[in-house]
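For reference, the structure is listed below as structure tokens.
The values are calculated or read from the model by the stated rules, or taken from the named source; none is laboratory data. Predicted model, so just to flag it, every value in this text is computed and none were measured. Counting neighbours? That spans all protein chains shown, and the Cβs are built from the backbone with ideal geometry, glycine included. Protein only, heavy atoms only, side chains kept; ligands, DNA and RNA dropped before computing areas. Shrake-Rupley method; radii C 1.70, N 1.55, O 1.52, S 1.80 Å.
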Amino acid sequence: MRKVDRRSALGIALAAVSTAMIKPAKAQATGYKDAAPWPGVVVREYEGDTPSLIPGFKTVSMRDVIMQPGSKTMGPPMMNAMICHITEGELRLEQDGKTFTGKKNFVWTCNKETKEQAYNDGNVVAIMRITDLKA
């Protein structure tokens, strides 16, 4: 084995730091639009609809609802049917008068005109991924 002197160690360290600081490719930084409809809530809508193979739905699209601790949505009626999935954290959900908890990897559905409000009562960011099923 070769002996590593200070100069070699410094070169290796600089190479490692340079690699870690490389900016992500432009394709990774585009393809979505963020909106902040309520305090502490960001809705990240991904670009593009994809044709659906599910009868009754022409296209599907995806968005994330990113909720800071203590934030909540305002519970508007759903604009279309959707599949929701908690990818991080935990949310308290009130859907048409029923209350339930969505923990990480919990999946549920909503139909068009369903009224649902989400609350992040925890102390970590919660992310709800929504797959919109569009007629």
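The table below gives the values:
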{"quantity": "Pair list, Cβ under 9 Å, 6 or more apart: segment 111-132 residue under 11 Å from R92 (Cβ atoms) and of a type in the set (S, T, Y), other residue open to solvent by less than 10 Å² (accessible area, probe 1.4 Å) and not in a loop (DSSP other than H, G, I, E, B)", "calculated": "Y119/M67; Y119/L91; Y119/L93"}
{"quantity": "Subset tally (residues that are in a strand (DSSP E or B) and closer than 23 Å to K104 by Cβ) for segment 25-59", "calculated": "9"}
{"quantity": "Subset of segment 99-130 that is open to solvent by 50 Å² or more (accessible area, probe 1.4 Å) and of a type in the set (S, T, N, Q) - its residue that is farthest from D64 (Cα to Cα)", "calculated": "T99"}
{"quantity": "Residues of segment 32-65 that turn out to be open to solvent by less than 30 Å² (accessible area, probe 1.4 Å) and over 16 Å from D132 (Cβ atoms), as a count", "calculated": "1"}
{"quantity": "Options T101, T87: the member that is over 17 Å from the mean Cα position of the chain (by Cα) and part of a strand (DSSP E or B)", "calculated": "T101"}
{"quantity": "Out of V65, V124, sole residue that is under 17 Å from the mean Cα position of the chain (by Cα), part of a loop (DSSP other than H, G, I, E, B) and modelled with pLDDT of 95 or more", "calculated": "V124"}
{"quantity": "Extreme residue, surrounded by the fewest Cβ atoms within 10 Å (Cβ to Cβ), among residues of segment 68-89 that are at positive phi and at pLDDT 95 or above", "calculated": "G70"}
